[in-house]
Amino acid sequence: MDSWVCDGYRDCADGSDEEVCPSPANVTPASTPTQFGRCDRFEFECHQPKKCIPNWKRCDGHQDCQDGQDEANCPTHSTLTCMSSEFKCEDGEACIVLSERCDGFLDCSDESDEKACSDELTVYKVQNLQWTADFSGDVTLTWTRPKKMPSASCVYNVYYRVVGESMWKTLETHSNKTNMILKVLKPDTTYQVKVQVQCLSKVHNTNDFVTLRTPEGLPDAPQNLQLSLHREVEGVIVGQWTPPAHTHGLIREYIVEYSRSGSKMWASQRAASNFTEIKNLLVSAQYTVRVAAVTSRGIGNWSDSKSITTIKGKVIPPPDIHIDSYSENSLSFTLSMDNDIKVNGYVVNLFWAFDSHKQEKRTLNFQGSMLSHKVGNLTAHTAYEISAWAKTDLGDSPLAFEHVTTKGVRPPAPSLKAKAINQTAVECTWTGPRNVVYGIFYATSFLDLYRNPKSLTTSLHNKTVIVSRDEQYLFLVRVVVPYEGPSSDYVVVKMIPDSRLPPRHLHAVHITKTSAVLKWESPYDSPDQDLLYAIAVKDLIRKSDRSYKVKSCNSTVEYTLNKLEPGGKYHIIVQLGNMSKDSNIKITTVSLSAPDALKIITENDHVLLFWKSLALKEKYFNESRGYEIHMFDSAMNITAYLGNTTDNFFKISNLKLGHNYTFTVQARCLFGSQICGEPAVLLYDDLGSGGDASAFQAARSTDVAAVVVPILFLILLSLGVGFAILYTKHRRLQSSFTAFANSHYSSRLGSAIFSSGDDLVQCGFKAENRQRSP
């Protein structure tokens, strides 16, 4: 360390740390005896005023002499470079992870990691994390509360993982108590466990964990129990079996129980391995035998019971299993025995496994001596083991085995998510195949989940499960019809206490450019006292957050968020101040409006765009932000970014004849085009006419009207004049003809006679015409 250089001690093997030290006259040689007014070999002498300080304070980065002599001519500190995710100690001696900055522990030798700690920098870490296990298999964690941690607004979360795995699983405590009982861990397994503090929306990360070994659990049942008679000694049964598929610990011994037919009493004996001899039995009597494994936790599940009759020389052979056919979801087989043995029935077990937690089993019982049977509801591309034995009057036969792998492709396991939504309800959602029936399985311990779970079924991909209050639950889901498919990974859920329910129906009532009005309902109806709500606002673009608090005893609460950014994206989280479950929404504020009066002026070799300043109508816009201009060429179908400017005009050159362009001007985009203003649009063609879209359309409409209306008016006027002339001529012609006819009227004949050479025309007139004649 730098502070060890020139401190009077030879720390390097070659003594180079004490060579060429500054101000040698001020340091008393080791051979010089201490004199009055001088410092000893372990001290440094300050000049103004004279005083002695320990050598280790020399060149430690802090001025201890009034004149600063102790920090003069010091060797250069190391050039240690820290990563962006690390904090560099002020003395330059070490880099620490950021989560160790302001965590209450001194990690830097100069204590600089715990200096100038603000609320935002402070990291709360639990201390003295310890664990104990009880006989039931539960693991109890205890820890010490971090210093100065506000317990009213912070809770603890437990993280755990099996040694060798990389992903942490989370168990929320919903509490600020400094202890937690884990009931969901797998027996006889090594885990890494850590406890982290969460205060409102901030999680205080830690890399400190403890390694623990969970207690042993109860083992599974032994498999494939086989009984036979001793070849030489009468009244002795020989038994052997296969150890359990999952022992959940070290098997100390086996317990073998046997009972004579007709008796309700069971006798027992111990076996050190998977073999035993039961002696001193009655001859010609039938006995039933079963076996269980023992760990430090206790006796596990019993195996299938088998029976045998102690008649010497009577040997029962195993049955014959013949696989007739198999497909993706079924298989057919035939069971048979020798004809000289009377068979009362068969017991068939199907074994298969999808994961390391459980061996699946299905048991079938049949009557009769010869049997053909088809088993359905199987899973594609899965290996099955078939074990069968016959039941006879002399007892059970030895086991026969057969193996088969179904055809097809195994379906994927569902992906499950589960979360508590109140004191007794868990919302489960998952992905997986459709048009099938799913089974949801849940229990309060790992062993119960795979041995004796509670369950329900649904054809949907979501289900709300009602459970007991204040418990830890493990959930998994799998297809159960038309096949028994692989199960999802189990998910752990801690039920929410009454006092930590989330606010209800959070939504945004009104959103503007810089504010948002939120509304929600209290966690329960008609609160009898003020409830403290914590509101966390996470800026999804700037990657920052801030928190607010509000008190209210109303059933409905309304709150206005101010100082938001136009066009910003935010994640809003509302929860009770005691760190209840949260309700959250995401909102996007209104963007800045488009610039007004976008116009264009055409010059010889370029065009100029003009617009009004946004600052005239947007008080939240600063001219220093500027504008950005884009262009769309419809002929080339290309959009181009032309640049940005802080002025209210922009010059554009190199436009091509015969092309139509669309220009847009908007407030300059920020944060990788995540925050932009609304664009103003201008259409422009190669003739040089331009205007914004609406103005352009309006101008075209105005031009058409200016031409069409006068033409229509002239046409109508011409038609009117024509009709007037025709009418006038018609009246004149009619008057002339009437006068002429009256001049040729014959009162004797009552008509007018006209002659045009060869023809004679006689016309009769109406009375009114005659009467008007002179």
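Dipole check for the range 49-191: with +1 at the C-beta of Lys and Arg, -1 at the C-beta of Asp and Glu, and the Cα centre as origin, the magnitude is about 560 Debye.
Per residue, the chain exposes 55 Å² of accessible surface when a 1.4 Å probe is rolled over the protein heavy atoms with every protein chain present.
Here the accessible area is traced with a 1.4 Å probe on the protein chains. For the range 256-325, carbon and sulfur cover 47 percent of it. Surface composition of the range 632-682: carbon plus sulfur atoms hold 50% of the accessible area, using a 1.4 angstrom probe and ignoring ligands, DNA and RNA. Among the trypsin sites (Lys or Arg not before Pro) found in the range 326-370, those both in a DSSP coil and sparsely packed, with 14 or fewer other Cβ atoms within 10 Å of their Cβ, are LYS342.
To the nearest 10 degrees, how steeply does helix 693-743 sit against the main Cα axis of the chain, on a 0 to 90 scale? Roughly 30 degrees, rounded to the nearest 10.
Report the calculated FRET efficiency for TRP302 and ASN128 (r = Cβ-Cβ distance, R0 = 45 Å), to the nearest 0.05. Don't jump to the answer; show the numbers that get you there.
Working: r = 44 Å, r/R0 = 0.97.
Result of the calculation: an efficiency of 0.55.
For the range 480-503 versus the range 130-178, the spacing of their alpha-carbon centroids is 20 Å. Considering only LEU474, VAL493, TYR559, the residue lying farthest towards the positive end of the dipole of the range 448-579 is TYR559, judged by Cα position with unit charges set on Cβ. Legend: P(r) of the range 487-569 from all alpha carbon pair distances, 5 Å bins from 0, whole percents, reading 3, 11, 19, 20, 15, 13, 10, 6, 3, 0. For HIS571 and ASN462, a Förster radius of 30 Å and the Cβ-Cβ distance give a FRET efficiency of 0.80, rounded to the nearest 0.05.
Remark: for residue pairs LYS358/LYS419; LYS454/LYS519; LYS194/LYS551; LYS342/LYS374; LYS148/LYS538; LYS494/LYS563, the C-alpha separation exceeds 27 Å in LYS454/LYS519; LYS194/LYS551; LYS494/LYS563. Note on ASP647 and ASP208: the model spin-label points, each 7 Å out from Cα along the C-beta direction, lie 6.2 nm apart. Distance between the C-alpha centres of the range 216-230 and the range 416-478: 32 Å, rounded to the whole angstrom. Segment ALA640..GLU257, full-extension length gain: 129.3 nm, with 0.36 nm per residue of separation and the alpha-carbon distance subtracted. Rounded to the nearest 20, the Cβ-based charge dipole of the range 549-696 about its Cα centre (Lys and Arg +1, Asp and Glu -1) stands at 880 debye. What FRET efficiency comes out for LEU655 versus CYS95 if R0 is 45 angstrom and r is the Cβ-Cβ distance? Round to the nearest 0.05. Efficiency, from the Cβ-Cβ distance: 0.20.
A straight chain from HIS507 to ASN554 at 0.36 nm per residue would run longer than the Cα-Cα distance by 15.3 nm. The alpha carbon convex hull volume per residue for the range 221-353 rounds to 137 Å³. Global size of the chain: 48.9, 182 Å for Rg and Dmax (C-alpha atoms, Rg to one decimal, Dmax whole).
In square nanometres and to one decimal, what's the mean projected area of the convex hull around the Cα atoms of the range 158-305?
Seen from a random direction, the Cα hull of the range 158-305 projects 12.5 nm² on average.
Sparse packing (at most 10 other Cβ atoms within 10 Å of the Cβ) combined with a DSSP loop state is found for the following trypsin sites (Lys or Arg not before Pro) in the range 518-593: LYS543, LYS563. Compared with the direct C-alpha span, the chain from THR144 to SER356 gains 72.7 nm at full extension, assuming 0.36 nm per residue.
Keeping the other protein chains in place, figure out the carbon and sulfur percent of the accessible area of the range 329-410, with a 1.4 Å probe. If you can, show how the numbers build up before the last one.
Details: 1760 of 3700 Å².
Heavy-atom surface of the range 329-410 belonging to carbon and sulfur, 1.4 Å probe: 48 percent.
If you put +1 on each Lys and Arg Cβ and -1 on each Asp and Glu Cβ, how big is the dipole of the chain around its Cα centre, in Debye rounded to 20?
Computed about the Cα centre, the dipole is about 4140 debye.
Along the charge dipole of the chain, Cβ charges K/R +1 and D/E -1, which of TYR661, THR142, VAL436 sits furthest on the positive end? Checking the options against the dipole of the chain, the answer is VAL436.
The values are calculated or read from the model by the stated rules, or taken from the named source; none is laboratory data. These numbers come from a predicted model, not from an experiment. Note that each Cβ is placed from the backbone with ideal geometry, even for glycine, and that neighbours are counted across all protein chains shown. Protein only, heavy atoms only, side chains kept; ligands, DNA and RNA dropped before computing areas. Shrake-Rupley method; radii C 1.70, N 1.55, O 1.52, S 1.80 Å.
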